[in-house]
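Here, each number is a calculation from the coordinates, and none is a lab measurement. The model shown is predicted, which means the values in this text are computed figures rather than measured ones. Positions of Cβ are generated from backbone atoms using ideal geometry, with glycine treated the same way; all protein chains shown enter the neighbour counts.
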Amino acid sequence: MVQDVHLQVLPGEHVAVIGGNGSGKTSLLRAIMGLHKEWAGQILLDGKKVSTKPSAAHPGVAWMPQRQPRGQFPFTVRELLSAGGHEQAALNAARGLDIHDLLHRPLAALSGGQLQRSYLARALGMLSAGAGLLLADEPTAALDFSGQEQVAQLIVALPATMIVVTHDLALAKKCQRVLQMAQGRIREMTL
Amino acid sequence: MNFTDFMSLMSLPPIQRGFLALIISGLGLPLVGVFIVGLNIYPLRFTIMHVALLAVALGQVFGMDPLLLALGLCALTGRVLASFADRPAGAPGAMGFFMVVAIALAFLVLSLGGVNANAAFELLWGSILAVRPVEVLFLCVISLTLLSLFFWKRRHLALLLYDREMAWCSGVPIRGLTIALYVLIAVAIAGAIRLTGALLVDAVTILPALAARNIGNNLTSIAIWAVIFGLFGNLAGFIIAVFLDQPLGPVLVLTAGCITLASYAYNALKGNHA
């Protein structure tokens, strides 16, 4: 459970959130996304309150989840990249992330690292389409060492506001601000 | 039966209407199956069948058109059930509730109305030769609506069926789409019950979708294969039933079942897992 969190992220700022398993990092991201229906307080994005109503249009947030493939049908990388955001930008990102030859492969058939790269390519497509905030949940998890470095370099070079939840201290160090979560509470720290 | 007998049989208006209804439903109703499988809401069809039975009972007692009543009541049920889709446990619990309440009410209505229950229970096994022109027209409208919705919103649908939360975060209007899907599924099932009967309506909905899932590699190709299988199954089932002089409903189901089994065998031979 996340409690007593007051967090302000400035435009263009890169914020890393670190903490142990179950400390509330992913819950924080989900609350910002509007995916938690039960919460008290306010979450404002560009001054507008984030809605949790499925009928409301969701604000422009690019989400890079840490998520296993779901669904009853095969869902290909190409479908993922074209289902939201700027498709061509996502395809270009896929090329840069070395997953361009996987476009016709279902997400369920990808390795953990390939899946992370696919979600990142999609998030980059959404940023190109005008999303103002990138929320990345463990973006370098499941990647090999060179992959971790490649994705970290790519993320921190983005001219976008972002909150990155990570266990990767090398990635956290590259961000302008590091926050630590423990038992649902948040505090600033220096690495 | 030889070919000449078959052609003379095909010149009869009820047979022509039934044949046309099967072709039309083969084009549109497999998409209902694709949506049911994709949303993982298999119990919905049982709920709709029971609500349709209640509508027929009400129609008998109050002297109203059972088809119109069934369409209205099933559409309303679909709309109500769609509002449960966002709950963590989903809608299956509500589907079970509506199912038992509908059948209980149907029995009560029949008993209180003092009408012959046989006509209501004919719904269970259908009668394609009794399909009226208005029902063929309805199938045409619902099939066109399903096909249009699919090709208009296929990217949003693919994301919604894959991951509801991700669809919401991508700006997909998940509430509106979910309501549209639930209502369309409910109305289509209610309209298709006449063809094969409530007990066998899966032949024209779920089975083509299950077979297509073994062949297609994304939502669009699965939908196209489902329509191909649905159309082929309906045509083959119709011809087999006529030539063997057997009831159409069971023959349709067995034909669709054979296609589905063949798709699983194909999948196993390919080394994939369904």
Whole-number D in µm²/s for chain B (Stokes-Einstein; Kirkwood sum over Cα pairs; 25 °C, 0.890 mPa s): 128
Debye, to nearest 20: dipole size of the protein assembly as shown, +1 on Lys, Arg Cβ, -1 on Asp, Glu Cβ: 640
Two-site label geometry, B:SER111 and A:ARG187: point separation in nm, points 7 Å out along Cα→Cβ: 6.8
Over the stretch B:1-159: Rg over Rh, Cα atoms, Kirkwood Rh: 1.03
Pairwise Lys count, chain A - Cα closer than 21 Å, eight or more residues apart or different chains: 7
Calculated P(r) of the stretch A:109-161 - Cα pairs past 12 Å, %: 64
Projected-area mean, the stretch B:35-82, by convex hull of Cα positions, square nanometres: 3.2
Dipole-positive endmost among A:VAL165, B:TYR264, B:HIS156 within the protein assembly as shown (Cβ charges, Cα centre): A:VAL165
Gyration tensor over alpha-carbon atoms, the stretch B:206-259, equivalent ellipsoid semi-axes in Å: 24, 9, 6
Under the Debye formula (equal points on every Cα, no solvent term), log10 I(q)/I(0) of the protein assembly as shown at q = 0.07, 0.09 Å⁻¹: -0.45, -0.68
Beta bridges by DSSP in the protein assembly as shown, antiparallel share as percent, to the nearest 5: 30
Descending principal axes extents, the stretch B:61-101, alpha-carbon based, whole Å: 41, 18, 10
For chain A, the fraction of alpha-carbon pairs in successive 10 Å shells from zero, as %: 9, 37, 38, 16, 1
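Which of the DSSP-defined H helices in chain A satisfy a minimum axial length of 20 Å, computed from C-alpha atoms, and a minimum mean Kyte-Doolittle hydropathy of 0.0?
Helix filter hits for chain A: A:112-128.
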Quotient of C-alpha Rg and 2.2 N^0.38 Å, computed over the stretch B:127-206: 1.29
Radius 13 Å from Cβ of B:ASN217, net charge of other residues (Lys, Arg +1; Asp, Glu -1): +3
Per-selection Rg to Rh, the stretch A:68-142 - Cα, Kirkwood hydrodynamic radius: 0.94
